[in-house]
Amino acid sequence: MADSENASSIGEVVDGIEDIAEREDDVSIDDLLDEFGDRSFAPLMLILALIGVTPVGGIPTVPTIIGLCIAVIALQMAFGREHLWLPAFITRRGVASDKLTKASDKLDRIAGVLDQIAKGRLQTLASGPVRRVVAGLIAVLCCALPVLELVPFAAAAPFLAIAILSLAMMVRDGLVMLIGGAVAIGALGYGVYWFSA
């Protein structure tokens, strides 16, 4: 088992998800908190965003529910909380473990690609107050999810941006943070274009 509470790569986070899926019939937010700890803001946002990128994120209402969970986590990070708190109606939400198991190959591929590009560069752009600003951006991205959910799999773009930004915060890579910011702006631009078209 990966040392989930000190996960420093997407690969370790995905290993943690797979460990839970093997033990439980349903994987809930509570299970993720138990696995990763209540200080793991970025890993938890990363996990939820990765789930949103997989076919699980194509199930109606799932992107909005995942987005709500991420937004609650991101806002707490933005306001400087040290320990994560989530209401019971969110922590009880879960996904069938067999759906996560089916998506694990895709998760492994995404993890491999993103872990290769995260090298801990330009660390000042991914630490300190910048992390709180980025957490605020992630909360804004979550606001676009209910709209993008109306277009099949369009929610994958903001989820990918959230995953990249969360990874950048985990490994303190400013270059990856900039890439994530560009993807985030593109995802928000697409949401505005689609909504106003």
Requested in this report: Any chance you could look up the accessible area of residue 81 with a 1.4 Å probe, heavy atoms only, rounded to 10 Å²?
Outcome: 120
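Take 171, 56 and sort them by solvent-accessible surface of the protein heavy atoms, 1.4 Å probe, largest at the top.
Of 171, 56, the descending order of accessible area is 171, 56.
The values are calculated or read from the model by the stated rules, or taken from the named source; none is laboratory data. Note that the structure is predicted; figures quoted are calculated from it, not measured. We work out accessible area using only protein heavy atoms, side chains counted, and drop any ligands, DNA or RNA first. Shrake-Rupley method; radii C 1.70, N 1.55, O 1.52, S 1.80 Å.
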